[in-house]
There are 2 protein chains.
Amino acid sequence: MSEIRERALLEPLEKFLGYQLRRVSAACMAHLANALTAQNLSPTLGTVLLMIKANPGATQARIGRSLAMQRANIAPLIARLEHDGLIVRKVCDGRSFGLACTPKGEALGKRVRQIITDHEAELFRALTEDEQKQLLDLLIKMRGSVAAAS
Amino acid sequence: MSEIRERALLEPLEKFLGYQLRRVSAACMAHLANALTAQNLSPTLGTVLLMIKANPGATQARIGRSLAMQRANIAPLIARLEHDGLIVRKVCDGRSFGLACTPKGEALGKRVRQIITDHEAELFRALTEDEQKQLLDLLIKMRGSVAAAS
DNA sequence: TATTGTTATACTCTATAACTATA
DNA sequence: TATAGTTATAGAGTATAACAATA
């Protein structure tokens, strides 16, 4: 460890929302990824598992649309969750399946939710509860606008 | 286009800051990537270019630390910017180089900054100026806490 | 015709390890 | 010993195109 702290560089994008969003989100995802390693799940896989848990019977196309993921990208994730015995596919209409968690998937989903809750409590403790609520509301307000612009 | 809108799925992570951060950030980055395609730059390359423009003489190691990027990952980006004639490397201390923009890099940097400004104005127009300021302040407040937790 | 699931493929970003050269 | 830059490599996530089967 050098004891001399180097002078910080100027951040020309400091005042840009997109830049700060990216920096905070990236750090947050890295922290969550670390918290989920013991469950052998990435944040993405954990999110898909929780979506299936919350929406039993939904097809992977609908899950994908809801998470803004391509069908082509969600397919291997579903296969992985099924291979791990966390979800099952029930024939839906001949070309699609209704997804649902197995008991093992349900149990893991509960654990994942708790891990995310703990991870967020630690990561966001610098913000007051009011500030956390404010931030959440602003982000949710953004969601509609951002989706429309894409 | 089907005229029947499908029922929205439940979002079990709706109330989680990390989830909303990720969704908004991802959409924002996709939008910016699109806005930068004509300049043949990704958001990451554009950010590195602007960092060099704002901090002439800085080494790539310092740029990388400031952007939370590994030396190994920033090396090819620097090589690419140099190959494109956007930056130059001046010998610094025998094992490192001071980076600086060429006139071409300066000009492109200005254009990139304007593109980002326009992109953000469009994407964040759903928020009032006060809300944008609030969001920025909350994100910046997070930065310190998040960095400490990693 | 449109949708579902799948495969193949490529690209970006990231993470780690190892190496050389220099401080 | 620590740091700078580089290379190799692997992994996650995403994008597009194409295909067969079904609606």
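Quick note: the coordinates plus some simple rules give every number you see, no bench work behind them. Bear in mind the structure is a predicted one, so any value in this text is a computation, not a measurement. Cβ atoms come from the backbone with ideal geometry, glycine included; neighbour counts cover every protein chain shown.
Data table
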{"quantity": "Per-pair calculated FRET efficiency, R0 = 30 Å: A:LYS104 and A:GLU131 via Cβ, rounded to 0.05", "calculated": "0.20"}
{"quantity": "Residue closest to axis [chain B; rotation mapping onto A; Cβ; Å]", "calculated": "B:SER25, 2"}
{"quantity": "Neighbour net charge for B:ALA30 - beta-carbon separation under 12 angstrom, K R +1, D E -1", "calculated": "+2"}
{"quantity": "Shortest-first distances to equivalent copies, position A:ARG111, nm, label 7 Å out along Cβ", "calculated": "5.2"}
{"quantity": "Electrostatic dipole magnitude of region A:42-123 [Cβ: Lys, Arg +1; Asp, Glu -1; Cα centre; debye, to 20]", "calculated": "340"}
{"quantity": "Calculated label separations, A:ARG7, copies of the chain, 7 Å along the beta-carbon direction, nm", "calculated": "6.2"}
{"quantity": "3J(HN,Hα) from dihedral phi, region A:89-101, Karplus parametrisation 6.51/-1.76/1.60, rounded to Hz, x for glycine, proline", "calculated": "10, 10, 3, 10, 9, x, 10, 9, 10, x, 9, 7, 6"}
{"quantity": "Magnitude of the charge dipole, the protein assembly as shown, Cβ model with Lys/Arg +1 and Asp/Glu -1, debye to 20", "calculated": "660"}
{"quantity": "Order of A:VAL48, A:VAL91 under a 10 Å beta carbon neighbour criterion, fewest first", "calculated": "A:VAL91, A:VAL48"}
{"quantity": "Net charge, B:ALA147 excluded, C-beta distance under 12 Å - Lys, Arg +1, Asp, Glu -1", "calculated": "+4"}
{"quantity": "Teacher prompt: A:GLN70 distances to equivalent labels in other copies, 7 Å Cα→Cβ, nm", "calculated": "2.5"}
{"quantity": "Alpha carbon centroid spacing (whole Å) that separates region A:85-138 from region B:113-146", "calculated": "27"}
{"quantity": "R0 of 41 Å, Cβ-Cβ distance B:GLU82-A:VAL91: FRET efficiency to nearest 0.05", "calculated": "0.15"}
{"quantity": "Environment charge at A:LEU13 (Cβ cut-off 12 Å; Lys +1, Arg +1, Asp -1, Glu -1)", "calculated": "+2"}
{"quantity": "Label point 7 Å beyond Cα of A:SER66 along Cβ direction - residues of region A:87-131 with amide nitrogen under 14 Å", "calculated": "A:98-101"}
